[in-house]
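The structure appears right after this line, and notes come after that.
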Amino acid sequence: MGLRKENGEGLKLDVSIGSLTLKNPVMTASGTFGYGEEYAQFFDLSRLGAVVVKGLSLLPRMGNRPPRIVETPCGMLNAIGLQNVGVETFIDEKLPFLRQFDVKVIANIFGESVEEYQKLSGILSGVDGVHALEVNISCPNVKKGGVVFGTDPEVAALVTRKVAAETDIPVIVKLSPNVTDIALMARAVEEAGADAVSLINTLTGMAIDSESRRPLLANITGGLSGPALKPVALRMVWQVAHAVRIPVIGTGGITSFQDALEFLIAGAAAVQVGTANFVNPLATMEILDGIKDYMERHDIMDIHDVINSLRA
């Protein structure tokens, strides 16, 4: 095994997302890890490549009325409605906890207008302990009649351009799968100044109670996540990785180290673990350890020898 040791020491696991260096490619997905506090009782957050916090808006949001979560075969539907404490409360009350750990913190942001995205990026830029922004463009633009930012390449590019102009930390744009050509969307935000893209966000779905003939979600539709999403997410990551030059972060149905490796092999520079956290709070750590074991078994010293290594 040469220089390697049983705990994975000697392996080169660090990856770059723009100017940001992560100690390893395993991240959490926004909306599935809160602000990190609940999971800190299970493992040392410093072991993660990055914590991506719950989506932040300018003002606190209560979200949608319940029921807001429905289990589905191989996944779940959620219509939480982006409930969160608001950006100022996050900075004052949530971020100090995360500063205790040697981990990169990525703030996920969303708005209902381009101006809201701008304000959020300006507020968070330069805040101690925030290392990058993830821009959720799967939100309706209320000033444009409800069109979703992430389904129009011109609007997505505009949001990206405005956010990038307000900050000097890396800007990651989270892409929606609910489009005809996700590679087109990725190229649009790359040209507008994105440092990386993450994909995919949830697919729109619904569930019905056949006895009452009523929707199981109060919102009627919600976002599908979990293992059922993985083949679609993997295909889209592979497409986008071959369409852009910036790093791609893969997410969607990752529950095991084998899942994570598939995304890396397909071209992702890093992965985000989401719904699996609800089932197994140690999912990220098991995935990280599994990647290390895989590298040792295959005599691979550098994670970059795994990334984009698909033999097609």
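Only the coordinates and a few stated rules stand behind these numbers; no lab work does. Please read all numbers here as calculations on a predicted model, not as lab measurements. With ideal geometry, Cβ positions are generated from the backbone for all residues, glycine too; neighbour counts draw on all protein chains shown.
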- In whole Hz, with x marking every Gly and Pro, tabulate ³J(HN,Hα) for segment 195-205 from phi via Karplus 6.51 cos²θ - 1.76 cosθ + 1.60, θ = phi - 60°. 8, 6, 10, 10, 6, 10, 6, 5, 7, 6, x
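Counting DSSP beta bridges in segment 15-305, what percent are antiparallel, to the nearest 5? Mind dumping the intermediate values first?
On the way: 19 of 44 bridges.
Bridges in segment 15-305 that DSSP calls antiparallel: roughly 45 percent.
Would you kindly give the portion of the calculated P(r) for segment 238-312 that falls above 17 Å, as a percent of all Cα pairs? Don't skip to the answer; put the middle values down first.
On the way: 1167 of 2775 pairs.
For segment 238-312, the share of Cα pairs beyond 17 Å comes to 42 percent.
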- Message: Net charge around T202, counting only other residues with Cβ within less than 14 Å of its Cβ (Lys, Arg = +1; Asp, Glu = -1)?
- Response: +3
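Write down the Å³ per residue value for the convex hull defined by the alpha carbon atoms of segment 86-138. Please list the in-between numbers first.
Values: hull volume 3.9 nm³, N = 53.
Per residue, the Cα convex hull of segment 86-138 comes to 73 Å³.
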- Task: Using θ = phi - 60° and the Karplus relation 6.51 cos²θ - 1.76 cosθ + 1.60, list the HN-Hα couplings for segment 23-37 in order, rounded to whole Hz, with x at every Gly or Pro.
- Result: 5, 7, x, 9, 10, 9, 9, 4, x, 10, 9, x, 10, x, 5
- Measuring from the longest principal axis of the C-alpha atoms of the chain, the long axis of helix 283-297 (C-alpha) lies at a number of degrees, nearest 10, equal to 30
- Query: If you project the alpha carbons of segment 160-223 onto the principal axes, what extent comes out on each, in Å, largest first?
  - Reply: 53, 24, 14
- Along segment 254-265, Karplus-curve 3J(HN,Hα) (6.51, -1.76, 1.60; θ = phi - 60°) to the nearest Hz, with x for Gly and Pro, reads 7, 10, 9, 5, 5, 4, 4, 5, 4, 5, 5, 4
- Scan the chain and report its longest stretch carrying no trypsin sites (Lys or Arg not before Pro) that are both in a DSSP loop and have at most 14 other Cβ atoms within 10 Å. 100-212
- In degrees between 0 and 90, to the nearest 10, how far off the longest principal axis of the chain does helix 114-124 point, with axes built from Cα atoms? 50
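Compute the signed sum of charges (Lys and Arg +1, Asp and Glu -1) over the other residues within less than 15 Å, Cβ to Cβ, of P247.
Working: positive: K104, K174, R187, R245; negative: D14, E134, E190, D195.
Around P247, the charge tally is 0.
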- Item | Surrounding net charge for Y39, when Lys and Arg each add one and Asp and Glu each subtract one, Cβ distance under 15 Å | -1
- For the chain: lysine pairs with Cα atoms under 15 Å, gap of 8 or more or different chains, count? 10
- Message: Please report the equivalent ellipsoid semi-axes of the chain, computed as sqrt(5 x eigenvalue) of the Cα gyration tensor, largest first, in whole Å.
- Response: 29, 22, 20
- Query: Sequence-distant or interchain residues sharing an amide H contact under 5 Å with I17, placed H: which?
  - Reply: L22
